[in-house]
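These notes concern the structure reproduced below.
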Amino acid sequence: MVTIGVLAVQGDVREHVRMLERLGVEARTVRRESELEACAGLVVPGGESTTMAKLVRTFDLFEPLRQRIKEGMPTFGTCAGMIMLADRIEDGTRDQETLGGLDITVRRNAFGRQVDSFEGDVHVTGLDKPVHAIFIRAPWVEAVGSGVEVLARVEHGAAAGRIVAVRQGPLMATSFHPEVGGDTRIHQLFVDLVRES
Ligand code: GLN
């Protein structure tokens, strides 16, 4: 059975663990380097990226995580997790660190105050029916490097056209929260990525 870790310093860890278990994966919470070693892939959950970055630093996980990502460990970031995987941030706090790996620029809290949280259907490359996406103080992807595949964009409203899901080799990220609700298809895409690698 494939083992996938969920970075468990902060954020909605339990929802991801549950999703992975529903897909028949052995899910492990990861707070230390030794726990990471057993994992073939990793989920970086939603939460608050500034806090998460500080805790990753406190738990001495920055270098081990960066190393595994560099070596090609499939990694999936949702919302704050997307920010953690981004090479560049707009509207981050001063000195906000990320793990990096994804050649994207993300804008934190991009959708503005009035529309802090909202839901909408988005078409995701690789899925035949749209996903009902939940955005909570979400980032969007401002710019992507040439090796990055855009998987989904906002389809309606003022933010229409904004990129909200990407993939670059074994790295995947969504601005929204596929761990919330009962739809396992996005996690399945990631599990397939882990199984293939
Ligand atoms: N706004 C948060 C951040 O900047 C992300 C919110 C989320 O993960 N739901 O980290």
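What follows is calculated from the coordinates using simple rules that are stated; it is not laboratory data. Note that the structure is a prediction, hence the values are computed from the model and not measured. Here Cβ is always computed from backbone atoms with ideal geometry, including for glycine, and neighbour counts include all displayed protein chains.
Taking only the Cα atoms of region 48-197, the ratio Rg/Rh comes out at 0.94, with Rh defined as the Kirkwood radius.
When peptides 124-133, 19-28, 183-192 are ranked by their average number of other Cβ atoms within 10 Å per residue, the highest-first order is 183-192, 19-28, 124-133.
If you wrap the Cα atoms of region 132-171 in a convex hull and average its projected area over all directions, you get 3.4 nm². Rounded to the nearest 20 debye, the dipole magnitude of region 88-139 is 140 debye, with +1 charges on Lys and Arg beta carbons, -1 on Asp and Glu beta carbons, and the Cα centre as origin. Amide H contacts for Arg153 (H built 1.01 Å from N in the peptide plane; partners 5 or more residues away or on another chain; cut-off under 5 Å): His123, Val164.
If Rh is defined by the Kirkwood formula over all Cα pairs and Rg also comes from Cα, what ratio Rg/Rh do you get for region 39-129? Ratio of gyration radius to Kirkwood radius: 0.99.
Using the Kirkwood radius built from alpha carbon pairs, what does the Stokes-Einstein equation give as D for region 128-197 at 4 °C and 1.567 mPa s, in µm² per second? For the chosen part, D equals 100 µm²/s.
Placing +1 on each Lys and Arg Cβ and -1 on each Asp and Glu Cβ, with no other charges, gives the chain a dipole about its Cα centre of roughly 200 debye.
Coupling constants for region 29-40 follow from the phi torsions by the Karplus curve (6.51 cos²θ - 1.76 cosθ + 1.60, θ = phi - 60°), and in residue order they are 6, 10, 10, 9, 4, 4, 6, 5, 4, 6, 9, 8 Hz; glycine and proline get x.
Considering only Gln96, Val2, Val166, and ranking their Cα positions along the charge dipole of the chain that arises from unit charges at the beta-carbon of Lys, Arg, Asp and Glu, the one farthest toward the positive end is Gln96. Paramagnetic label reach from Gln67 (point 7 Å along Cα→Cβ; backbone nitrogen cut-off under 19 Å): within region 33-47, residues 33-43. Secondary-structure-derived ellipticity at 222 nm for the chain, considering helices only, amounts to -7500 deg cm²/dmol, per-run term -39500 (n - 2.57) for DSSP H runs with n ≥ 4. At an R0 of 41 angstrom, the distance between the Cβ atoms of Arg195 and Ala160 translates into a FRET efficiency of 0.75.
Dipole check for region 45-90: with +1 at the C-beta of Lys and Arg, -1 at the C-beta of Asp and Glu, and the Cα centre as origin, the magnitude is about 60 Debye.
The gain in end-to-end length when the Glu26 to Glu90 segment is fully stretched comes to 19.5 nm, 0.36 nm per residue minus the alpha carbon separation.
In region 68-197, the DSSP beta bridges split such that about 70 percent are antiparallel, to the nearest 5. The amide H of Leu42, built 1.01 Å from its N in the peptide plane, has Gly5, Thr75, Phe76 as neighbours under 5 Å, considering only residues 5 or more places off or on other chains.
Based only on the alpha carbon positions, what is the Kirkwood hydrodynamic radius of region 156-197, in angstrom? When all Cα pairs of region 156-197 are included, the Kirkwood radius is 11.8 Å.
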